[in-house]
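Okay, structure first, notes after.
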Amino acid sequence: MKILLLNDTRDHDNWGSRACAEGLVAILEREVPGAEIATIPSAWTTRRYRAASPRLGGRVYPRASRWRHVYRRYSREFHFLPTVADELEPAADAWLAGRAGPDARQFLDAAAGADAVVLNAEGTTYRANASAVKCLFALWLAKTRLGVPALFLNGTVHLTAVDPILPAIVRKTFRAIDRVAVREPRSLANVQSYAPEARVELVPDSVFQFDRAVAGRASAGFRSWRERLGGRPYFCLSLSMLLSAQRGYLGFGARGSALAGLIQRLLEVVPQGVLMARDGMDQRIVGELAAETGCHHFGPEHGYPDLVALLEEARFAVSGRYHHLIFATVAGCPALALRTTSHKVDGLCELLEGELGRPFDATDLTTETPAIVARARELAADREARSGRLLAHAAELRARTPRLGTLVRAVPPKAQRPAP
């Protein structure tokens, strides 16, 4: 079976995204014996173009062109994509007629030889952005125009009535494709509300296919780094995207910020803190906070096996990063969740049946700090019992992840259609 995996997130500077794609590929290799897996990287989903004005010839060029400073004033964003559901058909005509640029040809050539197109839906279906539209359109096109079975797997779906461009595109796509699997209960309810005809089910995120043994792959660099902790207790903290996505946050410096204040209070519970950040947009904030609070900085020189090894020994973790909370669960580390830019953290809390408690509001830490600190004391005091329950949850969810592979294995044969 030839599988085309769309949105291979191993090109991200993100522990969770890399593990997510590696986990999904591992599941497909186990559950679809002999499968040939080709991938299209996540960079394809975010690539942008601009169209020059007619006075400059109307040429379409990559947004990163070295001539962008000349063209920006006389050009506009150009996506080769539908902007609303009514444009799926004419956009498909343009793609198949060769009028949609190099990204379209790359996908069509890869999909034409595939027995199934699988979207690794990590990071795609939150807002009416071009990445979400591009991935959904590619699935719809594969199924309806190429006759290739198509599946949406491993994703969160968060549709709203605010700027409601995406819901109709999701409905049309999900009605057409073969299967939809979302990774937490909030997304399941969201799809059932907005696209009730979709064949949707809940399958845990592919990162749950890892167990704590992944910590055995920790690097020699991490083992050296860990010596600075001196064997003393520590907690781990990473940001919520509600904070890291805001350029103005900590714009006046870390000193006196609510986040720095929270960390200082947590240092009264456990004597050391480790601030974790691999994503580029988190680095400045975490660096400032580490300097201000005297905490350790755990950064991009480490891989996700190092992260699991770090969490395995932590007294507790605080995070608004969805996959960091999964890593903590896999490692048996009690955690407090911070709300993020979609409902995926809320959904993960539901999936873990209360073990993470309620998500705290990352934008109002001044108010939330007393409750966070009280919860941290509970987790630290009852760490071993909580760790055992988390590991049991992780094992139960791990046993369900092979479903991501069986859904692909069970798709009907590709329809006999001419290659584009």
What do you reckon, is Arg358 in the same structural domain as Gly273 (by TED's automatic domain parsing), more than 18 Å from the chain's Cα centre (by Cα) and more than 30 Å from Arg145 (Cβ to Cβ)?
-> yes
Check Gly231, Gly221 and return the single one that is at pLDDT 95 or above and not in a loop (DSSP other than H, G, I, E, B).
-> Gly221
Scan segment 358-375 for residues that are out of contact with any helix residue (DSSP H, G or I) (no Cβ under 6 Å at 6 or more places or on another chain) and crowded, with 16+ Cβ neighbours inside 10 Å and jot them down.
-> Glu368, Ile372, Arg375
Can you tell which of Ser238, Ser257 is of a type outside the set (A, V, I, L, M, F, W, C) and at pLDDT 95 or above?
-> Ser238
Among Glu312, Glu350, which is outside the structural domain of Arg183 (by TED's automatic domain parsing), more than 16 Å from Leu243 (Cα to Cα), surrounded by fewer than 23 Cβ atoms within 10 Å (Cβ to Cβ) and under 21 Å from the mean Cα position of the chain (by Cα)?
-> Glu350
Could you list, in sequence order, the residues of segment 156-181 that are in contact with an Asp or Glu (Cβ under 8 Å, 6 or more places away or on another chain) and buried (at least 24 other Cβ atoms within 10 Å of the Cβ)?
-> Thr156, Val180
Looking for whichever is under 19 Å from Gly16 (Cα atoms), touching a strand residue (DSSP E or B) at 6+ places or on another chain (Cβ under 7 Å) and touching a residue at least 40 places away in the same chain (Cβ under 8 Å) here; the options are Arg321, Arg315. Which one fits?
-> Arg321
Would you please list the contacts, defined by Cβ atoms under 9 Å and residues six or more apart or on different chains, that run from a residue in segment 1-26 that is on the phi > 0 side of the Ramachandran plot and in contact (Cβ under 8 Å) with a residue 24 or more places away in the chain to a residue that is among the polar types (S, T, N, Q) and assigned to a helix (DSSP H, G or I)?
-> Asn7/Ser42; Asn7/Thr45; Asn7/Ser131
Consider Ala331 carefully, then state whether it is touching an Asp or Glu at 6+ places or on another chain (Cβ under 8 Å) and either within 30 Å of Ser224 (Cβ to Cβ) or in the same structural domain as Glu184 (by TED's automatic domain parsing) (or both).
-> yes
Subset of segment 182-202 that is crowded, with 22+ Cβ neighbours inside 10 Å and β-branched (Val, Ile, Thr) - its residue that is farthest from Val345 (Cα to Cα) = Val191
Sort through Ala380, Ala317 and tell me the only one that's surrounded by 23 or more Cβ atoms within 10 Å (Cβ to Cβ) and modelled with pLDDT of 95 or more.
-> Ala317
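Condition check ((1) without any contact (Cβ under 8 Å) to a residue 60 or more places away in the chain; (2) under 28 Å from Val60 (Cα atoms)) across all residues:
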| site | (1), (2) |
| --- | --- |
| Ser75 | yes, yes |
| Glu89 | yes, yes |
| Arg99 | yes, yes |
| Arg105 | yes, yes |
| Ala114 | no, no |
| Tyr126 | no, yes |
| Ala181 | no, no |
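The values are calculated or read from the model by the stated rules, or taken from the named source; none is laboratory data. Given the structure is predicted, the values throughout are model-derived calculations rather than measurements. When we count neighbours, we look across all protein chains shown, and the Cβ atoms used for this are built from the backbone with ideal geometry, even at glycine.
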